[in-house]
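So the structure is just underneath, and the comments pick up after that.
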Amino acid sequence: MKFATKAIHAGIEPDPSTGAVMTPIFQTSTYAQTAPGEHKGYEYARTQNPTRSVLEKNLAALENGTDAICFSSGLAAQDAVMKLLSSGDEVLAVNDLYGGSYRQMVRVWGQWGLKSRFIDMYTAANVEREITPATKLIWIETPTNPMLNIVDIAAVCAIARKHGIMTCVDNTFASPYLQNPLDLGADIVLHSATKYIGGHSDVVHGCLVVKDAELAQRLHFLQNACGAVPGPQDCFLILRGIKTLHLRVQRACENAATIAQFLAAHPKVEKVYWPGFASHPGHEIAKKQMRMFGAMVSFDLKDNSLENAVKVMSSTELFTLAESLGGVESLIGHPASMTHASIPREARLKVGLTDSLIRLSVGVEDVEDLIEDLERSLA
Ligand code: P1T
């Protein structure tokens, strides 16, 4: 099955008890047993829920995995991955990543004796140099949030495999429509399904996808034992969002390409970060591992005073100033004070994340209107 067909059909059958074509919301916390231990495969809704099970089958298919494990948020999914490790282990993470992912690694897991180091992952040779005997997990995010750097998934995962190190790829910015890390050798794919997968900015949700039975079993254990599960209504909304994932991401990427080019040619813009430019250092790798270049665009203004950037961000009308990304509507954001405020300023500046960087999540509106909006606010 090809992607669009999988998005609409994989794992989805009419409900056996009623024939309902759309997966029902099983709003129940528990299930009747005829005798202790005799039931229809469902005992308690933290452990199993039919709406969630359908979503997990569908997500596994979209990422070419065997199992998906759903969580109440992207960070809850990350929490489960980190719990596969033990005190004394070390995580090598890419040096540009979502501020909340960084915060959890440093401020939560750091306290439990799990050390995370944030490194330049843009050459595989550098990753190999940084590996120590304690390294147990390599954490890739690509494209990165918010600098849109590209990590060569196949090359880094090959090195990790050689050293017996587990890999997790946060595929949130790409979505499964653009990039499938399991096919490139990753052990775990993570999504904040809050973003492109859900696609309508109305749910917070996360998932992991794997293709190894033992890893799946360990993560299912953590999902149940720790309990950060999504509710059935949220699973329903994610399932509904997925049905148009390919259409939305395709259109958003086309709009983003037009906007990136518009910004690059604008006299008030200093630099545009978008992997679709031939001059982007990760362009060739992006071409190899992604189907399109994504719908996130970051940029710096020539007058890069914070005041000027704030003026631009506060004056758009169609681009809403807000955290998050990946919805049908376009958003504009200020990483330094919003999504990446939990990363120390020094670490942010080191990767080029200036105090005045502006990030766009390009939606699926008419691109002429989006450009007019940016033109007006830049003026
Ligand atoms: O918000 P949550 O569903 O818990 O997902 C966290 C997360 C994980 N990974 C990446 C790459 C992310 O971008 C996020 C959340 N990011 C934002 C809210 C944002 O505006 O960047």
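FYI, it's all coordinate maths here, none of it is from the lab. Here the structure is a predicted model, which means the values were calculated and not measured. Every residue, glycine as well, gets a Cβ built from its backbone with ideal geometry; the counts of neighbours run over all protein chains shown.
Points to keep in mind about this one:
- Applying the criteria of a DSSP loop state and at most 11 other Cβ atoms within 10 Å to the trypsin sites (Lys or Arg not before Pro) of the range 287-379 yields 302.
- The separation of the range 80-120 from the range 260-309, counted between C-alpha centres, amounts to 28 Å.
- Checked against a 32 Å cut-off, the cross-linked pairs 162/288; 211/288; 57/136; 287/311; 211/243 give Cα-Cα distances beyond that limit for 287/311.
- Percent of beta bridges antiparallel (DSSP, the chain, rounded to nearest 5): 55
- Derived scalar couplings ³J(HN,Hα) [the range 101-112; Karplus, 6.51 cos²θ - 1.76 cosθ + 1.60; whole Hz; x for Gly, Pro]: 5, 4, 4, 5, 4, 7, 8, 9, 6, x, 5, 9
- Amide H partners (placed H, <5 Å) of residue 321, local residues excluded: 332
- The sum of -39500 (n - 2.57) across all DSSP H runs of n ≥ 4, divided by the residue count of the chain, sets its helix-only mean residue ellipticity at 222 nm to -10000 deg cm²/dmol.
- Euclidean distance between Cα centres, the range 166-184 to the range 216-243, Å: 18
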